[in-house]
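Below: one structure, written as structure tokens.
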Amino acid sequence: MGKSVNVYMFGIVALVILILSADFVCYLTSGSSVSVLIVILAYVGLGTYLFYLACRSFLPADFTESGTKTFSVENAREEESLPDLWEMTLPFLYDAQYVESLIVFLRERGVGSVLDCACGTGFPSIQLKRAGFDVYCSDGSEEMIRRFRVNMKKTGLDIPNRVLRWHDLHKLEKRFDAVLCRGNSLIYLDSWLSNEPSATNFLSNAPVALRQMRGVLNARGFLYVDSISADEYQRGPSLVEEFGERIVNDLPMRLTWTVKHDWKQMNRIVRSARRIGEITFCHDYRGFLLKHEELQNMLSAAGFSRVRKIKLDGERAYDVYIAS
Ligand SMILES: C[S@@+](CC[C@H](N)C(=O)[O-])C[C@H]1O[C@@H](n2cnc3c(N)ncnc32)[C@H](O)[C@@H]1O
């Protein structure tokens, strides 16, 4: 049961109290039998509501018996938007060490300009801008960019940005020393919001997307792209990842991922369970089950001649590739 239902219940009780008080006054002044009936009905209504409240305090209302609330992307949006969900996940995946080592890595390679073409809500582009890089942000989702703009405003930084699918990167007039497609974004190609990845769509569109990323690189530029780790494949097809506890939005929160590799549908399903106190909120992220060899083949097909895997301190979740 959502916020709207609680508001609805509030409305009902307010109405009942209003009728009750108005009619009580009427009854006292006129004593008509209709007024008596309305007063009785109002009392019955109020009694029912109080009974409901009493039941609620004993039952885990809003939640199933196990205390787990599960929602799909559609009804998640009603309560917590996808940017909300993603921002609550980020503190579990990355810390200051990752940002530091990314900055060092980029500086060592003489990078000045960076395009984060899957910038999401702004991690780590905002930190990169603060560190002095000339950053441009784009993302295919209007919802994510809207949140990015809010986050950017809070920092007082000015980062050029636009809603742009990877297919349309050629519309950018600039060229960059580094293009980032990170946070395991590639596997969510055009399916981040719908949460319905299609293998056919991915296999035909990912090479085009990678070619577009290559197209906005300077002559000596490189693409930073990350994907499902080799370790995850070794531990799969079903594994549990405990991320421990963090303080998120002022609340102690625990995160557990149950990852499933569905080889039939070529889907990677991450059941993300956030536990706050006794309540667990679940959300499924579905992406394409991308193997490393396949990513490497796609990068070659997109025109990258040198592809290598790198290690970055603080990157615990994904494998990182540098393609040039
Ligand atoms: C897992 S989120 C990662 C966001 C960000 N990189 C981070 O680490 O916080 C994946 C992002 O890829 C974006 N995306 C998916 N398909 C895209 C496409 N075809 N073009 C541009 N962005 C896309 C989504 O909108 C989403 O913001």
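For the range 110-128, what are the residues that are surrounded by fewer than 22 Cβ atoms within 10 Å (Cβ to Cβ) and part of a helix (DSSP H, G or I)?
GLN127 - this is the single residue of the range 110-128 that is surrounded by fewer than 22 Cβ atoms within 10 Å (Cβ to Cβ) and part of a helix (DSSP H, G or I).
Cβ-Cβ distance below 8 Å, separation of 6 or more or different chains: which pairs start in the range 119-130 with a residue that is under 13 Å from GLY156 (Cβ atoms) and end on one that is buried (at least 24 other Cβ atoms within 10 Å of the Cβ)?
What qualifies is LYS129/VAL135.
Tell me the residue from GLY140, GLY120 that is within 11 Å of the ligand (Cβ to nearest atom), within 13 Å of the chain's Cα centre (by Cα) and modelled with pLDDT of 95 or more, please.
Only one candidate passes the filter, namely GLY120.
Suppose we filter the range 191-221 for residues that are within 12 Å of GLY287 (Cα to Cα), of a type in the set (Gly, Ala, Ser) and either within 10 Å of the ligand (Cβ to nearest atom) or touching a residue at least 12 places away in the same chain (Cβ under 8 Å) (or both); how many remain?
3
Quick one: would you say ILE269 is β-branched (Val, Ile, Thr), surrounded by 18 or more Cβ atoms within 10 Å (Cβ to Cβ) and not assigned by TED's automatic domain parsing to the domain that holds TRP86?
yes
Would it be correct to say that ALA219 is assigned by TED's automatic domain parsing to the domain that holds SER138 and loosely packed, with under 14 Cβ neighbours inside 10 Å?
yes
Quick check on GLU100: is it away from the ligand (no atom under 15 Å from the Cβ) and in a helix (DSSP H, G or I)?
It is true that GLU100 is away from the ligand (no atom under 15 Å from the Cβ) and in a helix (DSSP H, G or I).
Residue by residue through the range 159-190, note down the ones that are assigned to a loop (DSSP other than H, G, I, E, B) and either near the ligand (Cβ under 7 Å from one of its atoms) or touching a His at 6+ places or on another chain (Cβ under 7 Å) (or both).
Once the filter is applied, which keeps residues that are assigned to a loop (DSSP other than H, G, I, E, B) and either near the ligand (Cβ under 7 Å from one of its atoms) or touching a His at 6+ places or on another chain (Cβ under 7 Å) (or both), the range 159-190 yields LEU164, ARG165, ARG182, GLY183, ASN184, SER185, LEU189, ASP190.
For ARG107, indicate whether it is in contact with a helix residue (DSSP H, G or I) (Cβ under 8 Å, 6 or more places away or on another chain) and surrounded by fewer than 16 Cβ atoms within 10 Å (Cβ to Cβ).
Answer is no for this residue.
The values are calculated or read from the model by the stated rules, or taken from the named source; none is laboratory data. Values in this document were obtained by computation on a predicted structure and should not be read as measured data. Counting neighbours? That spans all protein chains shown, and the Cβs are built from the backbone with ideal geometry, glycine included.
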